[in-house]
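Peer 1: I have a structure I would like to understand better, so I am pasting it below and will then ask my questions one at a time.
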Amino acid sequence: MRQFTVVLTALIFFSTTALSYAATTQVDSLIEKLIEKGILSKSEAREIKQEIVSDEKVLREDAMKTSIPEWVQKTKLKGDARVRYQYERRKNDSEARTRGRIRFRLGVDNQVNDQWKVGAGLATAEVASTTDDARSTNMTFTDGFRRGDIRLDYAFAEYQPAPWAKAIAGKFIKTDYLWVPTDLIWDSDINPAGAGLHLEHKFSDSLTTYLNNGVWVIDENGKTDRTDPFLAYAQAGIKTQMGSMDANVAGVYYGFNGVKGIIVDGTSSTNTLTGGVLQNDYDSLGASAEVGFKNPFGLDCIERLAFFGDFIHNVDPDDNENGWASGIKFGDAKVVGKNQWQARYQYSYLGMDAFIDAFPDSDRLGGITDVKGHEWILEYGLSKNVVLALDYYQDDRIKGTHNRQKLIQADVNLKF
């Protein structure tokens with residue numbers, strides 16, 4: 001055993017001081033010679049090779065850490081690509097429309113220090129000659145193989161002085177600064193510009209309260225005789241976990257400033273207008289909730305069953321001022337791996353003046369208000385980080401000219 005230990009020590013020293021291919025080959029040859037001479041058994045040789053491989057890995061990792069700048073080590077690259085086939089038909093259209101579409105997003109985050117983080121992202125868009133769309137990062141296959149555009153999707157600085165508090169400024173992904181379980185009034189592709197604050201307090205392992213608020217700039221009108229339109233909001237919520245049940249409930253106030261008497265970029269032209277501009281203000285009260293159950297009814301095939309909903313009320317107009325959405329989802333809590341799945345159903349109802357028509361989900365009859373309808377979604381994991389999604393919309397106007405839409409989207413999503 002002593003002889004084996006001496007040989008092992010010598011071999012490890014030799015291999016870890018010479019990491020080139022030639023050195024590794026010489027070590028393998030030396031081990032073979034020692035086996036031939038009966039100094040090492042085959043099992044001892046395998047053990048030595050495993051030790052060498054392990055030590056080489058540690059040495060390489062240490063070398064990488066010392067040679068790569070610290071700021072590079074703290075930089076994370078992420079992104080996704082989505083290929084889509086889309087079919088849509090409206091009642092008043094003579095023919096259906098089919099489209100092939102692609103979306104590509106690439107983002108980078110850097111942890112500047114223990115408290116500060118910066119991030120930026122790029123995303124596909126239609127060609128620069130078309131109107132910019134804050135609610136879409138799709139590029140349509142058209143115009144003789146023409147190239148699409150890459151635009152700035154977000155760019156932000158985030159400050160977190162304590163585990164329970166963080167603030168952000170710039171153009172950012174809103175997820176951590178406004179919680180909404182549906183896309184009734186906020187399209188998932190909208191990244192607001194301005195500032196946000198998130199505070200939370202954990203009373204126990206099963207109870208957490210939080211506060212989200214911020215100021216988002218809607219437009220810059222270049223004039224000094226009127227206020228630039230902006231949104232100030234405050235959301236308070238509570239999250240709880242009790243055994244197999246979890247819940248998230250929140251209330252929100254949206255205070256719009258400077259939108260009455262203008263037209264917001266990206267409008268769907270379904271809000272009430274007077275003289276071609278918005279007749280109403282859009283200060284609104286809202287509520288959101290989601291309640292979930294782990295393995296309901298003892299079914300191992302369903303990891304989580306959840307009921308969710310949103311409600312919005314515009315306090316300014318006297319009519320068409322309400323909107324709501326409710327739904328159910330079941331299956332895996334999140335689809336990220338092979339054979340994981342989730343099914344979801346949502347019913348939406350959004351009055352004409354319940355919210356500004358530049359922000360709701362753009363796939364629901366083009367993102368209008370004065371709309372009601374159903375949505376079914378099925379997601380299935382083809383492999384790790386590769387998901388097949390089928391999405392079906394059936395929507396119609398509430399009071400306007402009926403234009404029932406049927407929309408089918410078949411997606412393959414790849415994340416990295």
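Throughout, read-outs are computed from the coordinates displayed, never taken from laboratory work. Source: prediction; values computed, not measured. Because the Cβ atoms are built from the backbone with ideal geometry, glycine has one as well, and the counts that use them run over all protein chains shown.
Peer 1: In a Debye calculation with equal point scatterers on the alpha-carbon sites of the chain and no solvent, what is log10 I(q)/I(0) at q = 0.06, 0.11 Å⁻¹?
Peer 2: Taken in order of the listed q values, log10 I(q)/I(0) reads -0.37, -0.95.
Peer 1: OK, next. Please list the radius of gyration and Dmax for region 183-277, considering alpha-carbon atoms only, with Å as the unit.
Peer 2: Here Rg and the maximum Cα pair distance are 17.8, 57 Å.
Peer 1: On to the next question. Out of residues 5 or more away from residue 358 or on other chains, whose amide H comes under 5 Å of its own, with H placed 1.01 Å from N in the peptide plane?
Peer 2: Excluding prolines and chain starts, which carry no amide H, the hits are 268.
Peer 1: Something else about it: Bins of 10 Å, beginning at zero and ending with the bin holding the largest distance: percent of Cα pairs per bin for region 217-354, please.
Peer 2: Pairs per bin, as whole percents: 11, 29, 26, 19, 12, 3, 0.
Peer 1: Which residues in region 327-361 have a backbone N closer than 20 Å to a point placed 7 Å from the Cα of residue 392 along the Cα-to-Cβ line?
Peer 2: Under 20 Å, as judged by backbone N against the label point of residue 392, lie 327-332, 341-349 of region 327-361.
Peer 1: A further question follows. Using a Gaussian network model of the chain with C-alpha springs under 10 Å, which one of 27, 180, 252 is most mobile by mean-square fluctuation?
Peer 2: Result for the chain, Cα springs under 10 Å: 27 fluctuates most.
Peer 1: If I take all pairs of Cα atoms in region 300-416, what percentage of them are more than 22 Å from each other?
Peer 2: 43 percent
Peer 1: Over the chain, with a Gaussian network built from C-alpha contacts below 10 Å, which listed residue (337, 251, 194) shows the highest mean-square fluctuation?
Peer 2: The residue that fluctuates most here is 337.
Peer 1: Run through region 184-293 and list the GluC sites (Glu not before Pro) located in a DSSP loop whose Cβ has at most 15 other Cβ atoms within 10 Å.
Peer 2: 220
Peer 1: At residue 415 and residue 160, where each label point lies 7 Å from the Cα along Cα→Cβ, what is the point-to-point distance in nanometres?
Peer 2: Result: 1.7 nm between the two label points.
Peer 1: Is it possible to state the helix-based mean residue ellipticity at 222 nm for the chain, with each DSSP H run of 4+ residues giving -39500 (n - 2.57), the sum divided by total residues, to the nearest 500 deg cm²/dmol? What is it?
Peer 2: It comes out at -5000 deg cm²/dmol, rounded to the nearest 500.
Peer 1: Please go through region 129-201 and write out the trypsin sites (Lys or Arg not before Pro) that DSSP classes as loop and that have at most 11 other C-beta atoms within 10 Å. The partial results should precede the final answer.
Peer 2: On the way: sites: 135, 146, 147, 151, 166, 171, 174; in loops: 135, 146, 147.
Answer in residue order: 146, 147.
Peer 1: In addition: Pull up the cross-link candidates among the lysines for residue 334, meaning alpha carbon to alpha carbon under 26 Å and not fewer than 8 places away within one chain.
Peer 2: 76, 78, 166, 174, 202, 239, 294, 384, 415
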